[in-house]
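Rule-based calculations on the coordinates, nothing more; no lab input. These numbers come from a predicted model, not from an experiment. In this analysis, Cβ positions are derived from the backbone assuming ideal geometry, glycine residues included, and neighbour counts consider all displayed protein chains.
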Amino acid sequence: MGAQKEVRPRLFEYTGRSSLRLEGMHTRQSYHFRFPGDRLEVDYYDSFAFMAEPALRVVK
């Protein structure tokens, strides 16, 4: 068996106008972007659904 690949969180930036609260599809963790430009680390497995949100962009 090979070693498992380490998965790291992804950093997202909120580009909307006020605030945004989302729940991770995989972890059910609550993520709250409080203001435009706010950045949060999102669990790798939650991040795929977040990529579909127009008001969020991946920073790294």
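Data table
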read-out: Test result for D43, over 9 Å from the mean Cα position of the chain (by Cα) and free of Cβ contacts under 8 Å to residues at least 40 places away in the same chain; value: no
read-out: Single condition G37 does not satisfy, out of (1) exposed (fewer than 14 other Cβ atoms within 10 Å of the Cβ); (2) touching a residue at least 24 places away in the same chain (Cβ under 8 Å); (3) within 10 Å of the chain's Cα centre (by Cα); value: (3)
read-out: Filter result (free of Cβ contacts under 8 Å to residues at least 12 places away in the same chain and more than 11 Å from the chain's Cα centre (by Cα)) within the range 14-34; value: R28
read-out: Residue within the range 7-22 that is loosely packed, with under 12 Cβ neighbours inside 10 Å, touching a strand residue (DSSP E or B) at 6+ places or on another chain (Cβ under 7 Å), not polar (S, T, N, Q) and not in a loop (DSSP other than H, G, I, E, B) present; value: yes
